[in-house]
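Peer 1: Following this message is one structure expressed as structure tokens.
All of the numbers you see were taken from the coordinates with simple rules; none came from a lab. The structure presented is a predicted model; accordingly, all values stated were derived computationally and were not measured. Cβ: placed from backbone, ideal geometry, glycine included. Neighbour counts: every protein chain shown.
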């Protein structure tokens, strides 16, 4: 959650105008990730930095809508968890995950310092 | 698990949500299973087997792709030495499907490695049949031909002995 106590992913979804269908497919992919890891989501999970510290989950739920690309990291408290840190902004109709890396990095540092800033919530 | 079941039970009350889940899962299942079954084979090699382009296989292996065709899946099934199964399912089955969605559960044995058709399996079955035939034969030897002819179960046993006994046929003298 951000400094105001708001879920950053929910806020981002609201800002991008994500439809119910897009949110639902994003939630489904997160659930499938929990079941089978990144191997069961080919074409969806991509590294967004050279060190592969940050990854994006690409969700294309509608033909004419932008691909949602929330950025997450593995951990940061345990190897068996992932944490969504930020959502990519839209530029010329495209969501670019690399543009949000500084925010994702900042949010992860904040989270490591204040573990209570993380919440497990459904988004779709 | 209970948390997931509770969440889905609530979400699935909305018709659009449950169909979005079902369709999204189907797309993910197809993409993940094709990638799992392809194994060490390259996308180009698989494409050559089914008569398509590498980019076509790449698209099929993307969980966000939904324009796949049954005819293509049929060809892929043949390339993998498997059969394609299509069925309509109740929404309740989606919950265990999601819970058990991992690469181990997506793997399948090709026909050549399918134990149902393996040599060992055939030999075991033949042995079982011979044992059964020997037991039936013992029962039949204590009966007259008339008794056997007049009893459906005994006739079945006689036919079984004749069909599955190899070498010296202990049931040969029982054949009418």
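Peer 1: Starting from 0 in steps of 10 Å, tell me what percent of the Cα-Cα pairs of chain A lands in each bin.
Peer 2: 13, 49, 35, 4, 0
Peer 1: Additional query: Quick check on chain A: helices-only [θ] at 222 nm, where DSSP H runs of length 4 and up contribute -39,500 (n - 2.57) each and the sum goes over total residues. Nearest 500, please.
Peer 2: Calculated from helices alone, the mean residue ellipticity at 222 nm is -10000 deg cm²/dmol.
Peer 1: How far is helix B:119-141 tilted, in degrees, relative to the longest principal axis of the Cα atoms in chain B, given as a value from 0 to 90 rounded to the nearest 10?
Peer 2: Compared with the principal axis, the helix lies near 30 degrees.
Peer 1: If you wrap the range A:1-69's Cα atoms in a convex hull and average its projection over all directions, what's the area in nm²?
Peer 2: 5.7 nm²
Peer 1: What per residue convex hull volume, in Å³, do the alpha-carbon atoms of the range B:107-163 yield?
Peer 2: 91 Å³
Peer 1: If you don't mind, another one. Remind me, what semi-axes does the protein assembly as shown give for its equivalent ellipsoid, largest first in whole Å, using sqrt of 5 times each Cα gyration tensor eigenvalue?
Peer 2: Working through the eigenvalues yields semi-axes of 58, 22, 18 Å.
Peer 1: Then there is this: Nearest 10 degrees is fine. How inclined is helix B:70-79 to the longest principal axis of chain B, computing both from alpha carbons?
Peer 2: Its long axis makes an angle of about 60 degrees.
Peer 1: If you average the C-alpha positions of the range B:57-89 and of the range B:22-55 separately, how far apart do those two centres end up, in angstrom?
Peer 2: 7 Å
Peer 1: Still on this structure, I have one more. From other protein chains only, count the Cβ atoms within 10 Å of every residue's Cβ in A:18-31, then give the mean.
Peer 2: Per residue, the average neighbour count from other chains is 5.
Peer 1: Highest mean first, how do A:28-40, B:145-157 rank when packing is the count of other Cβ atoms within 10 Å averaged over residues?
Peer 2: Packing proxy ranking, top to bottom: A:28-40, B:145-157.
Peer 1: State, to one decimal in nm, how far the label point of residue B:15 lies from the label point of residue B:78, with both points 7 Å from Cα in the Cβ direction.
Peer 2: It is 3.9 nm.
Peer 1: Using helices alone, what [θ] at 222 nm do you get for chain B, with -39,500 (n - 2.57) per DSSP H run of 4 or more residues, divided over all residues and rounded to the nearest 500?
Peer 2: Rounded to the nearest 500, the figure is -19000 deg cm²/dmol.
Peer 1: What does the structure give for A:56-63 when I average, per residue, the other chain Cβ atoms found within 10 Å of the residue Cβ?
Peer 2: 3
Peer 1: Describe numerically, in nm with one decimal, the distance between label points set 7 Å from Cα along Cα→Cβ at residue B:163 and at residue B:48.
Peer 2: 4.6 nm
Peer 1: So for the range B:95-161, averaging the separation of alpha carbon pairs under 8 Å that are six or more residues apart and normalising by length, what relative contact order in percent results?
Peer 2: Relative contact order, the range B:95-161: 24 percent.
Peer 1: By what distance, in whole Å, do the Cα atoms of the range B:67-176 stretch along each of the three principal axes, largest value first?
Peer 2: 67, 31, 27
Peer 1: Mind checking the angle between helix B:152-164 and chain B's longest principal axis? C-alpha axes, 0 to 90 degrees, to the nearest 10.
Peer 2: With both axes taken from Cα atoms, the answer is about 80 degrees.
Peer 1: Taking only C-alpha pairs under 8 Å that are 6+ residues apart, what is the relative contact order of chain A in percent?
Peer 2: Across chain A, relative contact order equals 24 percent.
Peer 1: Relative contact order, percent, of chain B when contacts are C-alpha pairs under 8 Å separated by at least 6 residues?
Peer 2: 17 percent
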